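Read through the structure below, which is laid out as structure tokens, and then see the notes.
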Amino acid sequence: MSPLRESNQSSATQAVAGFVNVVAGYALTEWRVLWRERTAMVFIFILPAALSAILGPGVSGLEAAPGAMGRATIGFAVMFSYMVVTYSGHAFYRDFWYHTNGRQALIRPSKLAFAMGKVLPACAMSFVQLLLFTGFAAAFLGLPLQGSFAQVALTGAALVVSGSALGFLLFAVTRSTATLSNLSYLVLVTFSAVGGAIVVTDALPAWSRTLGYATPHYWALRALNEATFGQGRWSVVLQSTAVILTFTAVCAAAASLAFDFRDLKHDTT
Amino acid sequence: MGLLGANGAGKTTLLGALTRTVRGTAGGSLRLDVGALPARRAIGYATQALALYPMLTVEENVGHLASLLLRRAEAKAAICRAIEEFSLGSIARTRVHHLSGGQRRLVHLAASFVHGPPIRLLDEPTVALDFEARQLVVKRVRGWREEGAAVLITAHYPEDIEELSTELVLLRDGTTRDLGELGAVLSSQSRTLLLQAERSASRSESTSWELMLATGRLDEVRAKLGELPSDVRLSELRLSGNRLRDILLRDPSLSSFAEGTEQR
């Protein structure tokens with residue numbers, strides 16, 4: 001191997017190691033904060049479980065349908081997995097609460113590594129929540145699994161990543177945590193409503209159904225329904241996942257353009 | 001280098017501009033020669049506001065920046081060194097929200113410079129510190145200077161600059177005035193003689209007079225007192241009618257210099 005090629009390989013390895021270092025560094029700190037604050041756990045795990053138990057299939061209008069409780073559970077899991085928008089946004093705002101934003105501005109890590117590290121813990125929690133709820137519904141609530149668990153996992157991963165990208169975008173374009181929180185709750189409720197996570201899409205008015213096509217929730221539920229009640233066709237799952245990932249890419253690109261490490265927020269005191 | 005200025009003079013803004021952590025509207029560029037070191041590792045900046053995650057321990061806070069900038073083995077050694085430098089060993093596993101303001105300030109300094117940067121900027125580093133902690137910071141800053149690091153410090157209080165710096169820059173209304181070596185600034189200042197007397201009639205009031213003397217030891221001042229011509233405000237002193245209470249001789253200090261420049 002020529003010395004030049006060897007040197008190029010070595011610097012590429014160093015760059016990758018540096019990237020991984022930054023992702024891991026931010027992710028570890030975020031994970032510690034989330035774990036010790038506990039509130040994220042309540043919203044992501046306990047609230048959807050409680051709502052599923054309290055409201056059950058009644059809210060979905062599915063009382064008589066087979067596996068209705070399981071389907072309602074998935075709906076609530078999809079809905080509350082989008083709390084990842086709020087928690088991803090908070091992960092970025094945290095640096096302004098604790099004045100550590102200056103340090104990011106000073107060392108200026110790669111935007112991608114920084115964003116990935118920041119959202120990774122919230123993403124992972126939401127993903128685990130989706131898998132747990134689906135698994136629980138399949139095991140105990142009569143939810144059929146016509147496809148594979150891999151289809152559920154792929155759809156869940158795409159959904160939470162789209163939520164994180166949206167959280168990053170909302171952080172980049174807002175100036176305070178209060179604004180971010182309000183917008184993310186608005187997103188949570190409206191996307192869930194028109195996307196069919198609260199009431200099944202067939203029961204929605206036509207205009208709501210049309211709006212629903214623009215939400216990741218609709219596509220996630222389409223894929224999840226295919227994996228559970230449907231025929232488990234990969235084409236449907238992959239098509240739905242591709243739409244969700246396109247939504248993710250658009251949000252991430254817009255966030256990256258809008259975000260600057262030197263930005264100041266009203267939360268900075 | 002010490003950067004001295006009143007509230008709102010622009011000290012923090014200047015540090016922000018130097019570190020490119022704030023957006024600038026105008027100005028030039030700054031070239032720093034830090035050898036082969038990447039820029040992100042060359043500068044450390046301890047902001048005036050404490051930059052700490054309250055839910056994390058001292059060790060985790062100090063380790064955060066190290067984990068982003070250094071390799072794992074390097075980071076581990078750097079964290080130990082920073083904790084030892086600021087005598088934080090006994091509270092290393094304590095969460096920051098349990099600590100006092102002074103302790104947090106020390107953790108903040110340790111976390112800001114954990115990567116051992118050759119250029120260190122400190123914005124009001126002694127705020128909220130008790131005497132002992134302040135002495136520790138003074139010792140650390142002098143140690144960094146001796147190790148070859150370039151240190152820039154801002155302060156409201158001249159005493160901090162006097163103890164921590166060798167050169168002085170004065171900042172007022174966003175404009176800097178390079179005053180050169182601190183020793184030269186101080187030696188250009190006069191010694192001040194302070195006489196305090198009590199009125200004979202009612203001893204409740206006291207009056208003081210300040211006379212500026214270019215040079216001299218205390219005995220010379222005494223000698224000069226006797227030789228002072230009658231028109232040098234001694235008419236106001238009226239020592240004959242009052243009781244001389246105290247004579248104070250003040251060495252030149254940055255405080256008196258700063259007071260003088262403020263008045264001017």
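No lab work stands behind these numbers, since they all come straight from the coordinates. All values derive from a computational prediction rather than experimental measurement. Neighbour counts run over all protein chains shown; Cβ positions are idealised from the backbone, glycine included.
Worth a mention:
- Gaussian network model of chain A, Cα within-10 Å springs - most flexible of A:SER148, A:SER162, A:SER240: A:SER148
- Cα-centre dipole for region A:49-193 with unit charges at Cβ (Lys and Arg positive, Asp and Glu negative), debye to 20: 540 debye
- Most simply put, region B:62-190 has about 55% antiparallel DSSP beta bridges, counting only bridges with both residues inside it.
- For region B:49-140, projected area of the alpha-carbon convex hull averaged over all directions, nm²: 5.5 nm²
- Put simply, the amide H of B:THR126, placed in the peptide plane, has no neighbours under 5 Å, leaving out anything fewer than 5 places away on its chain.
- Backbone amide hydrogens, once placed in the peptide plane, bring B:VAL151 within less than 5 Å of B:ARG120, excluding anything fewer than 5 places away on its chain.
- Contact order, relative form, for region B:87-174: 27 percent (alpha carbon pairs under 8 Å, 6 or more residues apart, mean separation divided by residue count).
- Entries in A:LYS265/B:LYS76; A:LYS111/B:LYS139; B:LYS11/B:LYS76; A:LYS265/B:LYS139; A:LYS111/B:LYS76 that, when Cα-Cα distance is taken, lie over 31 Å: A:LYS265/B:LYS76; A:LYS111/B:LYS139; B:LYS11/B:LYS76; A:LYS265/B:LYS139
- Residues in region B:153-158 carry Karplus couplings, in order, of 10, 9, 7, 7, 9, x Hz; the curve used is 6.51 cos²θ - 1.76 cosθ + 1.60 with θ = phi - 60°, and Gly or Pro positions show x.
- Projected area, mean over directions - region A:199-269, Cα convex hull, nm²: 7.6 nm²
- Highest mean packing first, where packing is the average number of other Cβ atoms within 10 Å per residue, the peptides A:141-147, A:86-92, A:211-217, A:113-119 line up as A:86-92, A:113-119, A:211-217, A:141-147.
- Within 10 Å of each Cβ in A:17-26, the average number of Cβ atoms from other chains: 3
- Cut-off 13 Å between beta-carbons: net charge of the residues surrounding B:GLU181, Lys and Arg +1, Asp and Glu -1: -3
- Once Rg and the Kirkwood radius are both taken over the C-alpha atoms of chain A, their ratio Rg/Rh works out to 1.02.
- Net charge of neighbours whose Cβ lies under 15 Å from the Cβ of A:GLN151, counting Lys and Arg as +1 and Asp and Glu as -1: +1
- Neighbour net charge for A:SER240 - beta-carbon separation under 12 angstrom, K R +1, D E -1: +1
- In chain A, Cα pairs under 8 Å separated by at least six residues give a relative contact order of 25 percent.
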